[in-house]
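Student: Can you read through this structure? Questions will come right after.
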Amino acid sequence: PQAPKGICGANADTIVVRNFLRAVAAGSGCYIHIVENTALNLKNTALTKGELKGLQTLDRLCGLFGITAADNHEKALKVAQTVLDDLHKPEYDEMTLTKVMAYAPRYQKWQELGILPGGAKAEVFKGVVKCSTNLNSDPVDMLLDCLKLGISTGIFGLTLTNLLNDVLLGEPEIRLAPVGLRVIDPDYINIMITGHQHSLFVHLQERLTQTDVMAKARAAGAKGFKLVGCTCVGQDLQLRGSHYTEIFDGHAGNNYTSEAILATGAIDAVLSEFNCTLPGIEPICDELQIKQICLDDVAKKANAELKKFEFAKREQISDEIVDTVIEAYRTRRAAVPLNLLPDHGNDDTLTGVSEVSLKAFLGGNWQPLIDLIVKGQIKGIAGVVGCSNLTAGGHDVLTVELTKELIARDIIVLTAGCSSGGIENCGLMTPEAAELAGPGLKAVCQALGI
Ligand code: SF4
């Protein structure tokens, strides 16, 4: 560690940036995998004339992409194919949707800097090659690749994944919803879901509420099935939860809260399709006889059964999951004690916030919010987003305390991902949290009842 250079001659900047690029390429690969699967699910839904719940979003995407079509299924097919075509371009061919989706002045800046991404999958490939042993040693060149990967991941892996999910599963609606361990109802067969690929649950979500499946659950002694939200896909279900209140019980918690959710004893199966299904829950599942099932082999857990999702086999897969989970319920419920925490969380967390639902909530334009910021009554907007972790004072401690400090200074906080799971379980997204805000923000919250 004291030497100025490694044995190959690489200096600290090269070594650090190589490792950074490797991490960025890996992260981009994850979210490009998600958007690719989501677009494929939309394409297959369109080809089989399946249900499309978010028609406003579909029209919005058609407008942005310049698509015209005879009916909604043809529109969805073209939208999905346009996304897939971009993802699959070579690295030297710029993706067309970057310009369409990006904020125009920012796109111009990216163009000036020469960092517009080529095909998103090819960019990941290039990044992995560049950071390998004794290849690139120019830190600036590698950092520019990180920026390219950031653009493709943000626009495709995040924004477009969300919008395609909205088309399939319904658009977010602002509402108050229950969160925390209180959402777990032991009278039902409970499936905790973890991951990031909401579109893989489209068929199962519907199937679990159908009469014959409900009858199977009742024959086993339960009132029916419930999906219990955990990690980012739990946030996804919560976001669009107004469209399936019957099957979704609520978002119980984030990444590390999964251990506590399982420890209640009332979860009969974990259904995972991506990160963050923690390896640490495996011994808990073994101990509490909780069945683990994975829908995507990229997230295969050591002790889980793999039921790789294939659109064409979705009916068979859903029915196999139903039978497997009922069997787990039958064998474990008499043997495993319940440790419920019915007071954990709250019943009135604000959710369903998207840029469209928020704008509608403000009366159809951003002016009221801009006016409040210009007047100084609200000092600004901060994002507290992404993964929470255990290192900064304990689980959720940093994100929750930071949010309290920000709202006390009249700054609105936008939150997403597992940070959001902790912040909401601690009550900071309820109307009562207005009491913790500074005088300007408090008055706004109280006037709006949020
Ligand atoms: S926010 Fe982070 S920790 Fe939470 S599920 Fe998503 S990737 Fe995992």
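The values are calculated or read from the model by the stated rules, or taken from the named source; none is laboratory data. Computed from a prediction, not measured in an experiment: that's the story for all the values here. Cβ placement follows ideal geometry from the backbone for every residue including glycine, while neighbour counts extend to all protein chains displayed. When the accessible area is computed, the model is the full protein with side chains, heavy atoms only, and any ligands, DNA or RNA have been set aside. Shrake-Rupley method; radii C 1.70, N 1.55, O 1.52, S 1.80 Å.
Student: Can you find, among Q377, P342, C285, the residue sitting farthest towards the positive end of the charge dipole of the chain, where Lys and Arg contribute +1 and Asp and Glu -1 at Cβ?
Tutor: The listed residue farthest towards the positive side: Q377.
Student: How would F361, F20 line up by accessible area, probe 1.4 Å, largest first?
Tutor: Values: F361 85, F20 110 Å².
Descending accessible area places them as F20, F361.
Student: Once the piece of chain linking F20 and A263 is laid out straight, how much longer is it, given 0.36 nm per residue of separation minus the C-alpha distance between them?
Tutor: Numbers: separation 243, 0.36 × 243 = 87.48 nm, distance 3.61 nm.
Computed gain between F20 and A263 is 83.9 nm.
Student: Quick check: net charge around S132, other residues with Cβ under 9 Å of its Cβ, Lys/Arg +1 and Asp/Glu -1? Provide the component values of the computation, followed by the final result.
Tutor: Working: positive: R18, R22, K130; negative: none.
The answer is +3.
Student: Any idea of D13's accessible area? Nearest 10 Å², probe 1.4 Å.
Tutor: Only protein atoms counted, so the area is about 100 Å².
Student: Efficiency by 1/(1 + (r/R0)^6): what FRET value for Y103 and Q210, r their Cβ-Cβ distance, R0 = 30 Å, to the nearest 0.05? Mind dumping the intermediate values first?
Tutor: Values: r = 43 Å, r/R0 = 1.44.
E(calc), rounded to 0.05, equals 0.10.
Student: Would you mind checking which residues have amide H under 5 Å from G50's amide H? H placed 1.01 Å from N; only 5 or more apart, or other chain.
Tutor: none
Student: What does the net charge come to around S242 if you take all other residues with beta carbon closer than 10 Å to its beta carbon, with K and R at +1 and D and E at -1?
Tutor: Values: positive: R175, R240; negative: E171, E173.
Summing Lys/Arg as +1 and Asp/Glu as -1 gives 0.
Student: Could you name the lysines in cross-link range of K5, using Cα to Cα under 21 Å and dropping any fewer than eight places away on the same chain?
Tutor: K130
Student: Still on this structure, please answer the following. Along the Cα→Cβ direction, 7 angstrom out, place labels at L341 and K308. What is the inter-label distance in nm?
Tutor: Inter-label distance under the simple model: 3.7 nm.
Student: Here's another thing I want to ask about it. Count the lysine pairs in the range 175-332 that are 8 or more places apart or on different chains: how many have C-alpha atoms under 25 angstrom apart?
Tutor: Pairs that pass both the separation and distance tests number 20.
Student: Just to be sure I understand the curve: with the Debye formula and one point per C-alpha of the range 203-332, what is log10 I(q)/I(0) at q = 0.16, 0.19, 0.21, 0.22 Å⁻¹?
Tutor: -0.81, -1.21, -1.51, -1.66
Student: Which lysines does K126 reach when only Cα atoms under 24 Å apart count, and residues fewer than 8 places away in its own chain are ignored?
Tutor: Qualifying lysines at Cα under 24 Å: K89, K99, K109, K148.
Student: Once you put a point 7 Å from the Cα of I174 and another 7 Å from the Cα of A392, both along the Cβ direction, what distance in nm separates them?
Tutor: Modelled inter-label distance: 2.7 nm.
Student: Expressed in nm to one decimal, what extension gain is obtained for the pair Q446 and T245 from 0.36 nm per residue of sequence separation less their Cα-Cα distance? Show your work: numbers first, answer last.
Tutor: Details: separation 201, 0.36 × 201 = 72.36 nm, distance 2.70 nm.
Length gained, Q446 through T245: 69.7 nm.
Student: From the residues T399, G422, A434, which one has its Cα farthest along the dipole of the range 297-450 in the positive direction, the dipole being from +1 and -1 charges on Cβ of Lys/Arg and Asp/Glu about the Cα centre?
Tutor: T399
Student: Going by Cα centres, the range 139-185 and the range 362-434 are how many Å apart?
Tutor: 17
Student: Through the Karplus equation 6.51 cos²θ - 1.76 cosθ + 1.60, θ set to phi - 60°, convert the phi angles of the range 3-18 into ³J(HN,Hα) values in whole Hz; use x for Gly and Pro.
Tutor: My calculation for the range 3-18 gives 5, x, 9, x, 4, 8, x, 6, 8, 4, 4, 4, 5, 5, 6, 4 Hz in order.
Student: Can you list the HN-Hα couplings for the range 374-386, worked out from phi with the Karplus curve (6.51, -1.76, 1.60; θ = phi - 60°), rounded to whole Hz and with x for Gly and Pro?
Tutor: 4, 5, x, 5, 10, 7, x, 10, 10, x, 10, 10, x
Student: When only alpha-carbon atoms are used, what values of Rg and Dmax, in angstrom, describe the range 204-251?
Tutor: When restricted to Cα atoms, the range 204-251 yields Rg and Dmax of 11.4, 32 Å.
Student: Go ahead and estimate [θ] at 222 nm for the chain from helices alone: -39,500 (n - 2.57) per DSSP H run with n ≥ 4, summed, over the residue count, rounded to 500.
Tutor: On the way: 19 runs with 215 residues, N = 450.
Dividing the helical sum by the residues of the chain leaves -14500 deg cm²/dmol.
Student: Give me the dipole magnitude in Debye, nearest 20, for the range 175-332 about the Cα centre, with unit charges on the beta carbon: positive for Lys and Arg, negative for Asp and Glu.
Tutor: Details: 17 positive and 22 negative charges, 57 e Å.
Rounded to the nearest 20 debye, it is 280 debye.
Student: Based on the alpha carbons, how large is the Rg to Rh ratio for the range 12-169 when Rh follows Kirkwood?
Tutor: On the way: Rg = 16.8 Å, Rh = 16.2 Å.
When Rh is taken as the Kirkwood radius, the ratio is 1.04.
Student: Here is a further query. With Rg and the Kirkwood Rh both taken from Cα atoms, where does Rg over Rh land for the range 1-103?
Tutor: Working: Rg = 20.2 Å, Rh = 16.5 Å.
Using only Cα positions, Rg/Rh for the range 1-103 is 1.22.
Student: Please state, rounded to one decimal and in Å, the Kirkwood hydrodynamic radius that the chain gives when every pair of distinct Cα atoms enters the mean of 1/r. Mind dumping the intermediate values first?
Tutor: On the way: mean 1/r = 0.0426 Å⁻¹.
Radius from the Kirkwood sum: 23.5 Å.
Student: Then there's this: When the chain is fully extended, how far beyond the present Cα-Cα distance does A360 get from A69, taking 0.36 nm per residue of separation? Spell out each step's value before the answer.
Tutor: On the way: separation 291, 0.36 × 291 = 104.76 nm, distance 2.71 nm.
Length difference between fully extended and current span is 102.0 nm.
Student: For A219, project a label point 7 Å along Cα to C-beta. Then give me every residue of the range 323-338 with its amide nitrogen under 16 Å of that point.
Tutor: 323-331, by backbone N distance to the label point.
Student: While we're on this one: What is the distance, in nm, between label points placed 7 Å from the Cα along the Cα-to-Cβ direction at D59 and at V298?
Tutor: 3.3
Student: Per residue of the range 284-299, what does 6.51 cos²θ - 1.76 cosθ + 1.60 with θ = phi - 60° give for ³J(HN,Hα)? Whole Hz please, x for Gly and Pro, Karplus curve as stated.
Tutor: Computed from phi, the couplings for the range 284-299 are 5, 4, 4, 5, 9, 6, 8, 6, 10, 10, 10, 9, 9, 5, 5, 10 Hz.
Student: Let me test this: with uniform point scatterers at the alpha carbons of the range 353-448, what is the Debye-based log₁₀ I(q)/I(0) at q = 0.13, 0.21 1/Å?
Tutor: -0.46, -1.10
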